[in-house]
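Heads up: the structure comes next, in structure tokens.
Readers should treat all values here as calculations from the given coordinates under stated rules, not as data from a laboratory. All figures in this text were calculated on a predicted structure; none of them were measured in a lab. Heads up, the Cβs are rebuilt from the backbone with ideal geometry, glycines too, and the neighbour counts pull from every protein chain shown.
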Amino acid sequence: MSARPERRPPSWLKYVNRLNLALLRRGIGPGPQWVLSIPGRTSGIPRSTPVAVLRMDGHRYLVAGYETSDWVKNARAAESATLQRGKRIDRVELIELPVGERSPILREFARRVRGGRAFMSVAADGSDAEFAEAALHHPVFRLRPVPKPLTAATP
């Protein structure tokens, strides 16, 4: 059995992401998109990328279109990250789901996130077996809010 070739993002994505970042920081952009900022795993410098946030069963999730994405590597190394859309900024922990728990989230992502479908390795109407296979190659992170620190009351 041969190794699966590494899927890589299309070259045009870098340019589209730059434009999308600028718009999302101003609160302009399609549906579920936010700016994810995570400290770089070696530099510690915040790195930002647009992501689609999926809301499902009272939780928020991020799905990686490419398992080798830098944001995925940074998310695995970071303690927390921020999500921004316009003036709203949420601090979150990213908890990577085990492969066995990813399929239902991937299926909903493929159904509901129109722009994200282009980066999935399975169609929205794919079989359970296809989504189980896709779960091996599409990391999924559950977002857990980081509580804001309490500030001391001033008399």
Subject >> Failed condition for Ile95, given (1) surrounded by 16 or more Cβ atoms within 10 Å (Cβ to Cβ); (2) touching a Phe, Trp or Tyr at 6+ places or on another chain (Cβ under 8 Å) >> reply: (1)
Original post:
Does Ser48 satisfy being among the small types (Gly, Ala, Ser) and under 20 Å from Met120 (Cα atoms)?
Top reply: no
**OP:** Filter the stretch 18-75 down to the residues that are basic (Lys, Arg) and more than 15 Å from the chain's Cα centre (by Cα), then identify the one that is farthest from Leu106 (Cα to Cα).
**Re:** Arg26
**OP:** Say whether the condition of being out of contact with any helix residue (DSSP H, G or I) (no Cβ under 7 Å at 6 or more places or on another chain), over 17 Å from Gln33 (Cα atoms) and not in a loop (DSSP other than H, G, I, E, B) is met by at least one residue in the stretch 82-91.
**Re:** no
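May I ask you to list the residues in the stretch 10-68 that are of a type in the set (Phe, Trp, Tyr), more than 15 Å from Arg114 (Cα to Cα) and assigned to a strand (DSSP E or B)?
Tyr61, the sole residue that qualifies.
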**OP:** Only residues that are under 14 Å from Gly65 (Cα atoms) and either acidic (Asp, Glu) or not in a loop (DSSP other than H, G, I, E, B) (or both): list them for the stretch 109-132, please.
**Re:** Phe109, Ala110, Gly115, Gly116, Arg117, Ala118, Phe119, Phe131
